[in-house]
Structures are given as structure tokens and as C-alpha cells.
Amino acid sequence: MKRRTLWITALAAAMVFLAVGLVQAKDAGEVVPGPEEARPPDVGNYLIGKGDTLEIYVWREPELTRQTQVRLDGMISLPLLDDIQAAGHTPMELKKEIQNRLSEYLESPVVSVIVTGSANNKYYMVGEVNSPGEQDLIKDLTVLQALARAGGLTEWANKKRIVILRRENGVEKRMVVNYNDILHGKSPEQNIYIHPNDTIVVP
């Protein structure tokens, strides 16, 4: 009977310890990356920002085709149309707006909008890497590649708890990845793609 009581007490203590650990993890807001995070950034949902460079192409209208930069007020200027709000819109939304306004002057205008330079296309390396700081984001960059571009990890780096900070819809998400598991192929889904303005923290 005494042995059974001790066993129940030990089990209860273990459950309390586990619960505390789960609460702490939840409070920290940390998640293990899943399939959603393993996908590359959705270029179609990219929001044009101030300072971005745009290529505006109007089919069969070379005098209207041009490269322009989004001003600090978020606007761009085009012939016939004057100022158009660009910042905060996707390239597809801006394309439709330009087409709609050009339809007052042209018959069935065909427009394409391409972001050729992004002022927001950056990510940040912090902590135990050999070259911390701001980095230019290239297409389909993974965590492992980002660490390599930063000169690799220092000898003091905690390889098991590398944190990627990402802000989505105004909420900060904390994703924890294990460098060794990625490197040795044990957990390839953790080798997630880096998004604009991500911060990679190596403790």
C-alpha cells in the first residue's frame, strides 16, 4: 500500500512538472515549424512598400512603360494618371488599378507590375554567428543557407534552440529549430524558408 501511494505521488509530481513545462512553452509562444512554415514566401501576397522599385509595363504603349520608385508618401507618378497609391497594395491590385484608370484613355489596356527592387527585402541575424546583422533576402533562402551566409555558428552557439522571429498579422511568432537535426537530415521540415523581416536568433 505504501509503495502504491509513493508511485501515485511520483506520477502526480511528474504530471505537474509536465504541465508547468507546457505552460511555459505556451507562454513563450514558441512553436516547432510545420508544413505551413516550410513553404517559401507567397510572392503573390507581397505588399508593395515605400522605397520599392517597380517596373510598370503597358502593352503597345512604350511611352507609358517605365521604371519608378515608390515615394515616401506611398505614391507613384505615371503619365496621364498623375499620383497612384502603390504602398500597401499587392502588384496584382496595383495592376488592376492602373488598368482601370488607363481605360479612360486607352481601349482595353494591358498592364503588368513587377517589383524589381524591394526596400523591405531584408532579414536579420542576431547572436552567435560569425557575421551578425542585416542581410539581403534572396529567393527561396532556407535557415541553413541563412546561417551559412552569416559565416556559420560560433563555438558557443546553442545549436539545439535557434529561434526564428516572424511577425504575421501584427502577432509575433517564435519558431524553434534544431541545427543538428536539420544538418543530419533527422528533421528536414525544420529547414524553413526565410521571409522578409524575419529575425534569426542564435543563443
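Each reported figure results from applying straightforward, stated rules to the coordinates on display, with no laboratory input. It should be emphasised that the depicted structure is a prediction, and the values quoted were computed from it without experimental measurement. Glycine gets a Cβ as well: all are built from the backbone with ideal geometry, and neighbour counts include every protein chain shown.
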Fill in: Matching residues in region 158-188 - criterion: being under 24 Å from residue 136 (Cβ atoms), in a strand (DSSP E or B) and aliphatic (A, V, I, L, M)
162, 163, 164, 165, 175, 177
Worksheet entry | The listed residue being closer than 16 Å to residue 50 by Cβ, out of contact with any Lys or Arg (no Cβ under 8 Å at 6 or more places or on another chain) and not basic (Lys, Arg), out of 94, 64, 106, 72 | 94
Practice prompt. Kindly check whether there is at least one residue in region 110-117 that is touching a residue at least 40 places away in the same chain (Cβ under 8 Å) and not in a strand (DSSP E or B).
Written response: yes
Fill in: Positions within region 131-157 being assigned to a helix (DSSP H, G or I) and crowded, with 18+ Cβ neighbours inside 10 Å, in sequence order
143, 146, 147
